[in-house]
Amino acid sequence: MNDVIFAEGLTKRFGDTQALAGVDLAVPAGTVLGVLGPNGAGKTTAVRILATLLQADGGHATVAGYDVARQPDEVRRAIGLTGQYAAVDEQLTGRENLVLVARLLDLSRRDAARRADELLEQFGLTEAADRRARTYSGGMRRRLDLAASLVGRPQVIFLDEPTTGLDPSKRDDMWAVVRELTDAGTTVLLTTQYLEEADALADRITVIDHGRVIAEGTPHELKSLVGGRSLQVRPSDPRDLGDVAALLTGIAGRPADQPTKGTVAVPVDDDRVLSTVVRDLDARGIAVAELALALPDLDEVFFALTGKTTSSPATPEKELV
């Protein structure tokens with residue numbers, strides 16, 4: 001499978017700040033790469049270089065087979081970009097914004113109007129199509145911005161924290177759009193502060209910190225880096241929590257804890273312990289509402305790799321990157 005997005009050794013410095021210090025990326029056709037990192041890690045700088053908005057100090061990158069430094073016009077014709085902030089003209093209506101982009105891409109008036117109507121319907125903006133964008137909510141602006149990036153049916157989409165500011169239902173709608181894009185063969189590079197978003201959408205994840213790639217792999221592979229699985233049991237009767245904790249501690253040989261109210265969990269090294277727990281719970285007459293073997297979530301992975309949460313504040317110098 002060919003890598004539609006490829007970067008090797010990308011470097012970029014802003015004054016005394018080393019934004020990128022040798023970043024490598026590879027995204028096969030029709031897949032989603034999730035790029036995670038603390039605020040100021042260099043994610044947006046990498047996207048801006050790949051989208052030809054910045055020139056790298058060093059390294060090499062191609063997008064859709066074109067060199068981003070030597071063939072920027074060809075790259076721009078092949079990509080769509082949604083940045084961290086909605087880039088719409090607030091004096092135009094939603095429809096006028098989309099028609100303007102379509103005309104700039106050399107679509108005829110009829111085709112521009114048709115494409116605008118398609119996208120307005122796809123993003124649930126038909127009723128607001130003829131209102132000025134300045135009257136839109138933040139979530140509506142985000143959806144209009146993403147719709148604008150799709151006018152030309154690009155081969156590659158860069159989504160730089162596309163769901164920031166959206167409520168959960170609208171975020172789900174955006175996720176559905178991303179899945180539709182990849183099902184149709186579009187290649188997506190997604191930066192996000194929402195770890196569940198990367199878990200839900202990304203085929204592979206790259207973690208960047210201090211301008212360097214510190215880990216990469218599938219969501220499952222990254223979760224495995226943190227350690228083994230945990231066995232989690234939620235008894236039907238909360239009065240059984242103590243007995244369940246004692247049972248799990250005895251079986252696993254390590255103390256059980258309660259990560260959430262009403263649930264007991266213990267780290268395990270062997271999946272076969274599950275059958276032992278089921279048998280012992282049954283022998284003691286303890287009914288359970290939930291029983292599962294679970295890998296660490298991406299929040300735990302992220303913290304283990306970077307020592308930070310995704311919401312850790314950026315230093316003033318790093319807000320540029």
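Annotations for the structure displayed:
- Computed over the chain, the per-residue total of -39500 (n - 2.57) for DSSP H runs of n ≥ 4 gives a 222 nm mean residue ellipticity of -10500 deg cm²/dmol, rounded to 500.
- Positive-end residue, the chain charge dipole about Cα centroid, Cβ charges, pick of 133, 6, 85: 133
- Interchain or long-range residues, amide H under 5 Å from residue 22's placed H: 10, 11, 12
- Nearest-20 debye value, the chain charge dipole, Cβ charges on Lys, Arg, Asp, Glu: 700
- Relative contact order, percent, the stretch 97-173 [alpha-carbon distance under 8 Å, six or more residues apart]: 32
- Gain upon complete extension [residue 74, residue 210; 0.36 nm per residue less C-alpha separation]: 45.9 nm
- Listed residue (32, 304, 51) projecting farthest to the positive dipole end of the chain, Cβ model: 51
- Simple rule: put +1 on each Lys or Arg Cβ and -1 on each Asp or Glu Cβ in the stretch 130-282, find the dipole, and look at 219, 262, 208; the Cα lying farthest toward the positive end is 208.
- Structure remark: mean-square fluctuation, Gaussian network model of the chain, C-alpha springs under 10 Å; the largest value among 251, 49, 208 belongs to 251.
- Spatial separation of Cα centroids for the stretch 149-174 and the stretch 1-23, in angstrom: 23
- Separation of the residue 84 and residue 254 label points, Cα + 7 Å toward Cβ, nm: 3.7
- Were the residues from residue 126 through residue 278 laid out at 0.36 nm apart, the gain over their Cα-Cα distance would be 49.4 nm.
- Sequence of 197, 74 from largest to smallest accessible area, 1.4 Å probe: 74, 197
- Residues in the stretch 4-21 carry Karplus couplings, in order, of 6, 10, 9, 9, 9, x, 5, 10, 7, 10, 10, x, 8, 9, 8, 6, 10, 10 Hz; the curve used is 6.51 cos²θ - 1.76 cosθ + 1.60 with θ = phi - 60°, and Gly or Pro positions show x.
- All aspartates and glutamates inside 12 Å of residue 12 as judged from Cα atoms, apart from same-chain residues fewer than 8 positions distant: 57
- Extension gain for residue 109-residue 288 works out to 58.2 nm (0.36 nm per residue, less the C-alpha to C-alpha distance).
- Taking the C-alpha atoms only, the angle from helix 109-122 to the longest principal axis of the chain is near 20 degrees.
- For the stretch 211-253, the per residue solvent-accessible surface stands at 51 Å², with DNA, RNA and ligands left out and a 1.4 Å probe.
The values are calculated or read from the model by the stated rules, or taken from the named source; none is laboratory data. Keep in mind that this is a model prediction, so the values were computed, not measured. Note that each Cβ is placed from the backbone with ideal geometry, even for glycine, and that neighbours are counted across all protein chains shown. Calculation scope for accessible area: heavy atoms of the full protein, side chains included, ligands and nucleic acids excluded. Shrake-Rupley method; radii C 1.70, N 1.55, O 1.52, S 1.80 Å.
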